[in-house]
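Below: the structure, in structure tokens.
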Amino acid sequence: MPRRLRRGFLYFPNLRRSGKKRSGFEDTLSPDVILSDDVLSLIISSLYRPSPFNFRVMPIEILGQVYEQFLGKVISISSTLGSRKAVVQDKPEVRKAGGVYYTPPYIVNSIVQQTVGALCEGKTPKQIENLRVVDPASGSGSFLLGAYSFLLNYHLDFYSQTPEKYLKGKDAPIFALSDLQDTTQKHYRLTTREKKRILLNNIYGVDIDPQAVEVTKLSLLLRVLEDESNENLGKLINEPALPDLESNIKCGNSLIGPDFYDTARGGVLRETLSAEEQARINAFDWQSAFPSVMRNGGFDAVIGNPPYRREKDFKHLMDEIAHTSFGEKYRAPRMDLWYYFVHRGLNLVKADGLLSYITNSYWTAGTGAEKLISTLQKEVQIEEIFFFGKLTVFSNVSGQHMVFRLRKTSKRSSTTIKIVQPTIERTAEPFVLGQSPVLKFLKSPNQLFREHKIDLQPMPGEILSKIEKNPPLADFGSIRQGIAENPASINKKTNKAFGEIWRVGQGVFVLSANEVAKLNVSVNEQILLRPYHDLTDIKRYFLAKQPSRTLIYSTRKTVPDVRDFPIIEAHLKQFKEIMSARRETVNGANSWWHLHWPRDENLWTSAKIMCVQMSERPSFVPSFTPAYVSFSVNVFVAYETTLEHLFYITGILNSRLMWKWFSHNAKRRGIGLEINGNVLKRVPIRRVNFERTDEQNQHDEIVATVQQMLSLQQELSITKNPATKANLTAQIESTDRHIDNLVFALCELTPEEIELVRNS
């Protein structure tokens, strides 16, 4: 019958007791939980029958996830007011990196299938007995466990096709089980000896964390024991039931070799490091650790999820790796730690072997990855890249990720690119499992590698060539960055550097409405105040009518002597120490009270197009009223000789076609594109021949439609009615599509090319 757990079950049974009462935290939750005996019986029977090694109720993969979270924790003893307390907290490196993230099984299985599976296809167990798989950053062993499980299933499937060949002899790799319902129906299992052989022959791993190494070993050994019976284990005579994994799974730093201590080449003198520091560095020699593997050319497959660590956050790690010949060779500014794992993997994998990792996707257009991309271009064939976009891969982790597969070969062919289609799905799982469609296309090496970047966009070179025949935006006008206030306001870093004497967010040159009111400047000083739009004011086809901030426009021209503006002087003087240390002030170009780079004021009072440098999608908006913006905004001002209307140029810049052009040419930072001045200058814009009626009409229709879009966006920003909002949103979407179609026609794209751009 159902039972109420009156005293609760959320306690540690080994806690010290005082009398009859449990000490520790009182459980107030579970006493009201009612459990049925049937449920308890089912759980217990599932755990313990028919074998003490049956993990079907709690799969080994689940245990791995628990262990992985455990690996990111440390237990420390704190003393407070004379009492000692155990505290579980994140390891420092884990905390700084944002946590420990367990790779989802569907990602593991996909990578294993595309590497180990590809290498096993069409081969016999004899032919793959020397197949070597390694994870150089194995963590709790999820990838190694996945590879091992695949190999177990592969061998069992092969033997089961002709079981009569493999059931006899003391070294028989399989044995038969009778179905409990039908004794004529046979099922086959791998023997313990065969599972041990596969594990020792095929699976290798390294991790810097000794706890992780032990967890990996445990997970693999549990898989050896899974579904085993005492009868089968008893057949192992004069040999241990479990294999010794010391030669396969090792603890060490995959990226730091023994030459770390070679002072002749700039290494570190061992004697200068404490035992604790040496243990942390944990230099690892791949040649001596796996001599037979390395003598035979290396590993057949390198798989895993290497740790992501940005150089700016983990510079000490990068510096330590650079003390080795390996690290020195591949070090690059602004690189990520995982780049090293690709280089190391390529050093470990044999000719025609495979490497597959899951990583973030920002490297494909990052300046820090130029050396990595150059290596890939020279040394490997990139067989496949699966880009997940904004879909979630790791729980509670933002960012964009991809899986890539490399083959170490001098042969070159096209790369398969897979990109998820726009969808309501939130995770990458259905796409990886083939349950949701993906956009799939090929790219030649010349199309894939463009200007030290990896081009993942589906738009073929023919379309790019077609639109790039048009003149660049630089032919239509000048392009400048916004004002470098330096500083606009007090940030956390500056405040800390100067003794935290100000408030974070406190305005210096850029003030909020409340700060302007408190300043209470005189009529004479109001001439220095300018309308300032911050990034929240500037969106695609939208500019806030009321700027959110006010700028003190203090320049050599407007304020030759700050004493003429005593209220402004008093305000700025609070921050004199900061501004006196600026480069332009030190070299005498500016006085301490001046904006660092104010630009020519005509730039801010002229009609212009503005664009936020960093955005997920290019966002351009025209302005015909005075508008001052920050260094994070680019500004285009047309030449007097330019006849094309700003609305015409805005429509082209905001179009889907140009979005694709930017995706090919702009750097990707996180989930956004960095549209800097150099990129903007090269944007192809169709020049209008106003002597031709058809081109004049095309120009005028784009102008009229963009004007309509601007009006709709303004209406949407002020309406409060939900129905009106929905109606306006639908109109905006329709108008946006119309502008796209006008630009497609302007650039003379074919229906097939239009379809490709729209679906990419």
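Descriptive notes on the structure:
- Within region 548-603, the set of residues being among the acidic types (Asp, Glu), assigned to a helix (DSSP H, G or I) and farther than 20 Å from Gln481 by Cβ comprises Asp564, Glu569, Glu577.
- Qualifying residue in region 640-649 (condition: in contact with a helix residue (DSSP H, G or I) (Cβ under 7 Å, 6 or more places away or on another chain), surrounded by fewer than 18 Cβ atoms within 10 Å (Cβ to Cβ) and either in a helix (DSSP H, G or I) or not assigned by TED's automatic domain parsing to the domain that holds Leu756 (or both)): no
- Restricting region 225-269 to residues that are modelled with pLDDT of 90 or more and not in a loop (DSSP other than H, G, I, E, B) leaves a set whose member that is surrounded by the fewest Cβ atoms within 10 Å (Cβ to Cβ) is Pro258.
- Residue in region 405-412 that is under 29 Å from Asn130 (Cβ atoms), at pLDDT 90 or above and in contact with a Ser or Thr (Cβ under 8 Å, 6 or more places away or on another chain) present: yes
- The numbered conditions (1) out of contact with any Asp or Glu (no Cβ under 8 Å at 6 or more places or on another chain); (2) under 30 Å from Pro307 (Cα atoms); (3) surrounded by 14 or more Cβ atoms within 10 Å (Cβ to Cβ); (4) among the polar types (S, T, N, Q) are all true for Asn153 except (3).
- Condition met for Ser623 (under 36 Å from the mean Cα position of the chain (by Cα) and under 17 Å from Ser478 (Cβ atoms)): yes
- Candidates Leu673, Leu680, Leu749, filtered to the one that is in contact with a Lys or Arg (Cβ under 9 Å, 6 or more places away or on another chain), hydrophobic (A, V, I, L, M, F, W, C), closer than 22 Å to Met614 by Cβ and crowded, with 17+ Cβ neighbours inside 10 Å: Leu673
- Of the residues making up region 714-737, just one is among the charged types (D, E, K, R) and not in a helix (DSSP H, G or I), namely Lys720.
- Only one of Leu317, Leu376, Leu355 that is closer than 20 Å to Ser138 by Cα and modelled with pLDDT of 95 or more: Leu355
- Enumeration of residues in region 462-492 that are touching a Ser or Thr at 6+ places or on another chain (Cβ under 8 Å) and assigned to a loop (DSSP other than H, G, I, E, B): Phe476, Gly482, Glu485, Pro487, Ala488
- Any hit, region 326-339, residues being at pLDDT 95 or above, in a helix (DSSP H, G or I), over 27 Å from the mean Cα position of the chain (by Cα) and not small (Gly, Ala, Ser): no
- Annotation: of all residues in region 279-308 being touching a Lys or Arg at 6+ places or on another chain (Cβ under 7 Å) and in a helix (DSSP H, G or I), the one that is surrounded by the most Cβ atoms within 10 Å (Cβ to Cβ) is Val293.
- Filtering region 339-366 to residues that are touching a Gly at 6+ places or on another chain (Cβ under 7 Å) and on the phi > 0 side of the Ramachandran plot leaves nothing.
Results for (1) farther than 26 Å from Ile203 by Cβ; (2) surrounded by fewer than 20 Cβ atoms within 10 Å (Cβ to Cβ); (3) of a type outside the set (A, V, I, L, M, F, W, C); (4) touching an Asp or Glu at 6+ places or on another chain (Cβ under 9 Å), shown as yes or no for each residue.
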position: Asn360; (1), (2), (3), (4): yes, yes, yes, yes
position: Trp363; (1), (2), (3), (4): yes, no, no, yes
position: Phe386; (1), (2), (3), (4): no, no, no, no
position: Asn396; (1), (2), (3), (4): yes, yes, yes, no
position: Arg405; (1), (2), (3), (4): no, no, yes, yes
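- Residue within region 692-713 that is outside any helix (DSSP H, G or I) and either in the same structural domain as Pro622 (by TED's automatic domain parsing) or buried (at least 18 other Cβ atoms within 10 Å of the Cβ) (or both) present: yes
- Pairs where the first residue, in region 575-589, is free of Cβ contacts under 8 Å to residues at least 24 places away in the same chain and the second is in a loop (DSSP other than H, G, I, E, B) and of a type in the set (D, E, K, R), C-beta under 9 Å, 6+ apart: Ala589/Arg556
- Given (1) buried (at least 20 other Cβ atoms within 10 Å of the Cβ); (2) within 30 Å of Ser489 (Cα to Cα); (3) modelled with pLDDT under 95, index of the condition Trp661 fails: (2)
Here is a yes/no grid of residues against (1) surrounded by 18 or more Cβ atoms within 10 Å (Cβ to Cβ); (2) at positive phi; (3) charged (D, E, K, R):
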{"position": "Asp455", "(1), (2), (3)": "yes, no, yes"}
{"position": "Lys469", "(1), (2), (3)": "no, no, yes"}
{"position": "Lys496", "(1), (2), (3)": "no, no, yes"}
{"position": "Val504", "(1), (2), (3)": "no, no, no"}
{"position": "Asp537", "(1), (2), (3)": "yes, no, yes"}
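- Among residues of region 374-397 that are part of a strand (DSSP E or B), those with a beta-carbon under 8 Å from a residue that is among the aromatic types (Phe, Trp, Tyr) at least six positions away or on a different chain give the pairs Ile382/Phe404; Glu384/Phe404; Ile385/Phe404; Phe386/Phe404.
- Region 319-337, residues that are under 29 Å from Asn665 (Cα atoms), surrounded by fewer than 23 Cβ atoms within 10 Å (Cβ to Cβ) and out of contact with any Leu (no Cβ under 7 Å at 6 or more places or on another chain): Lys329, Tyr330, Arg331, Ala332, Pro333, Arg334, Met335
- Ser655, sole failed condition from (1) polar (S, T, N, Q); (2) touching a helix residue (DSSP H, G or I) at 6+ places or on another chain (Cβ under 6 Å); (3) modelled with pLDDT under 95: (3)
- In region 503-530, of all residues being touching a strand residue (DSSP E or B) at 6+ places or on another chain (Cβ under 6 Å) and of a type in the set (A, V, I, L, M), the one that is nearest to Met579 (Cα to Cα) corresponds to Val508.
- Residue in region 606-629 that is out of contact with any His (no Cβ under 7 Å at 6 or more places or on another chain), over 20 Å from Ile739 (Cβ atoms), surrounded by fewer than 17 Cβ atoms within 10 Å (Cβ to Cβ) and of a type in the set (D, E, K, R) present: no
- Condition met for Thr103 (closer than 30 Å to Ile385 by Cβ and either surrounded by 15 or more Cβ atoms within 10 Å (Cβ to Cβ) or not basic (Lys, Arg) (or both)): yes
- Annotation note: of Leu151, Leu131, the sole residue that is modelled with pLDDT of 95 or more and in a helix (DSSP H, G or I) is Leu151.
- Residues that are buried (at least 21 other Cβ atoms within 10 Å of the Cβ) and either hydrophobic (A, V, I, L, M, F, W, C) or at pLDDT below 95 (or both) were ranked within region 576-597; the one that is nearest to Glu525 (Cα to Cα) is Trp593.
- Boolean, Arg412 is assigned to a loop (DSSP other than H, G, I, E, B), closer than 28 Å to Asn347 by Cα and in contact with a helix residue (DSSP H, G or I) (Cβ under 8 Å, 6 or more places away or on another chain): yes
The values are calculated or read from the model by the stated rules, or taken from the named source; none is laboratory data. This is a predicted model, so every value here is computed, not measured. For neighbour counting, all protein chains shown are included, and Cβ atoms are generated from backbone atoms with ideal geometry for every residue, glycine included.
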